[in-house]
Amino acid sequence: MLENLLDSILSNPAYLAVAIALGAMIVYSVIQRLFKLVVLAITLFIIYCTYLVLTDQPLPDIDIDKIQEEIEEVTDEVKEFQKEASDALDKANETLDKFKTKED
């Protein structure tokens with residue numbers, strides 16, 4: 001059953017373009033949600049550190065420079081992946097537009 005569905009999607013370019021567009025949109029939305037989760041975690045960490053400073057408790061031994069570098073690396077990777085997903089969506093939209101103009 002699943003094999004028949006895959007065969008029909010792969011055999012028809014219009015179905016394939018729609019499947020690629022849907023897949024790219026799903027990946028893009030997952031990346032956005034993960035980015036929001038990372039921002040939330042960083043915000044909570046900052047609030048925790050502020051609490052420790054205000055109550056005169058010692059801060060945990062953390063290498064801030066290393067964490068900042070890792071965050072920048074992850075941010076760069078996410079931006080690159082977001083650009084690739086956006087390019088894939090644009091390409092899928094162009095393919096759909098070609099099929100629409102052929103049908104007209």
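Farthest toward the positive end of the dipole of the chain, out of Ser86, Leu10, Ser29, is the Cα of Leu10, where the dipole comes from beta carbon charges about the Cα centre. Using a Förster distance of 30 Å, how high is the FRET efficiency between Ser86 and Lys66, based on the Cβ-Cβ distance and rounded to 0.05? Result of the calculation: an efficiency of 0.45.
About its Cα centre, what dipole magnitude does the chain give when the only charges are +1 on Lys and Arg Cβ and -1 on Asp and Glu Cβ, stated in debye to the nearest 20? Don't jump to the answer; show the numbers that get you there.
Values: 9 positive and 20 negative charges, 117 e Å.
With only Lys, Arg, Asp and Glu charged at Cβ, the dipole is about 560 debye.
If the chain linking Ala41 and Met25 were pulled fully straight, counting 0.36 nm for each residue of separation and taking away their Cα-Cα distance, it would gain 3.3 nm. Here each label is just a point 7 Å from Cα along the line to Cβ, and for Leu96 and Ala14 those points are 1.3 nm apart.
Can you show me the helix-derived [θ] at 222 nm for the chain, built from DSSP H runs with n ≥ 4 at -39,500 (n - 2.57) apiece and divided by the number of residues, rounded to the nearest 500. Present the calculation step by step, with values, prior to reporting the outcome.
Numbers: 3 runs with 92 residues, N = 104.
Using -39500 (n - 2.57) per qualifying helix, the result is -32000 deg cm²/dmol.
Of all lysines in the structure, the ones whose alpha carbon falls short of 27 Å from that of Lys83, not counting any fewer than 8 places away in one chain, are Lys36, Lys66, Lys91, Lys98, Lys100.
FYI, it's all coordinate maths here, none of it is from the lab. Keep in mind it's a predicted model, so treat the numbers as computed, not measured. Quick reminder, even Gly has a Cβ in these numbers, built from the backbone with ideal geometry, and neighbours come from all protein chains shown.
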